[in-house]
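Heads up, the thing below is written out as structure tokens.
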Amino acid sequence: DYYSNPANPNGGKTNSVSSADNRVRENIWAAYGQATWKGQIADHDASLVVGARYEETRVKSVSYQTVPTAIVWTADNDFLVQYSSDAQAVTGKGRYKNFLPSVDFQINVQDNIIARASYSRTASASLALSRSYHRARVWT
């Protein structure tokens, strides 16, 4: 929960931020639809499931922290970041939209063998809270 000055690790001042000073508001709107077909292809049982999710997300955050006021050159390539003594609100906004389709097909090739193919696109948040996308193709 702190930021340290990597350019001057020995003499750098850390910017302390209490986790109680961070606020995030996230509004998500989403819709999902799915259709399933079951039938036969060349006398083999088969099924197809097609789905899609659409979502819109809006994020607003506020963090109260000391902010840099100056960068002071001390010597050669050494710099020192000076911070304000009072906490100030640092805000951020963001929004994104995702269309996430999925398809799953399977067919009974023989009595005890099923061939399957799938595709999906998903969105997830990593531990660093950055948005990432995954595409999966599975052949079994």
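How many Å² of accessible area per residue for the range 73-118, probe 1.4 Å? Can you show the working numbers first?
Numbers: 3410 Å² over 46 residues.
Per-residue accessible area for the range 73-118 comes out at 74 Å².
Which ³J(HN,Hα) values, rounded to whole Hz and listed in residue order, are derived for the range 111-122 from phi using the Karplus coefficients 6.51, -1.76 and 1.60 in 6.51 cos²θ - 1.76 cosθ + 1.60 with θ = phi - 60°, glycine and proline given as x?
4, 10, 10, 10, 9, 9, 9, 9, 9, 8, 10, 10
What aspartates and glutamates sit close enough to Lys60 to cross-link, taking a C-alpha to C-alpha distance under 19 Å and skipping anything fewer than 8 places away on the same chain?
Filter leaves Asp21, Glu26.
Test of understanding: what is the full-extension gain from Ala52 to Gln106, defined as 0.36 nm times their sequence separation minus their Cα-Cα distance?
Extra length from Ala52 to Gln106 when fully extended: 17.6 nm.
Can you tell me which of 29-40, 76-87 comes out highest on packing, and rank the rest after it, using the mean Cβ neighbours within 10 Å? Don't jump to the answer; show the numbers that get you there.
Values: 29-40: 9.7, 76-87: 12.0.
Ranked from most to least packed, the peptides come out as 76-87, 29-40.
For a protection proxy built on the mean count of beta-carbon atoms within 10 angstrom, sort 115-124, 91-100 highest first, please. Could you put the intermediate results ahead of the total?
On the way: 115-124: 13.7, 91-100: 11.1.
Ranked from most to least packed, the peptides come out as 115-124, 91-100.
Taking H placed 1.01 Å from N in the peptide plane, check which residues at least 5 places from Ile114 or on another chain put their amide H under 5 Å from its amide H.
Val109
When the Karplus curve 6.51 cos²θ - 1.76 cosθ + 1.60 is applied with θ = phi - 60°, which whole-Hz ³J(HN,Hα) does each residue of the range 33-42 get, with x for Gly and Pro?
Couplings: x, 8, 10, 10, 10, 10, x, 10, 10, 6 Hz.
Using θ = phi - 60° and the Karplus form 6.51 cos²θ - 1.76 cosθ + 1.60, what ³J(HN,Hα) does each residue of the range 50-67 get, whole Hz, x for Gly and Pro?
3J(HN,Hα) across the range 50-67, in whole Hz: 10, x, 8, 10, 10, 9, 10, 10, 10, 10, 9, 9, 9, 10, 8, 7, 6, 10.
Hey, can you find the accessible area per residue of the range 24-71 for me, probe 1.4 Å, expressed in square angstrom?
Details: 3460 Å² over 48 residues.
Here the residues of the range 24-71 average 72 Å² of exposed surface.
The values are calculated or read from the model by the stated rules, or taken from the named source; none is laboratory data. All of these numbers come straight from a predicted model, not from anything done at the bench. Neighbour counts are summed over all protein chains in view; Cβ atoms, including those assigned to glycine, are modelled from backbone coordinates with ideal geometry. Ligands, DNA and RNA are excluded from the accessible area calculation, which covers all protein heavy atoms including side chains. Shrake-Rupley method; radii C 1.70, N 1.55, O 1.52, S 1.80 Å.
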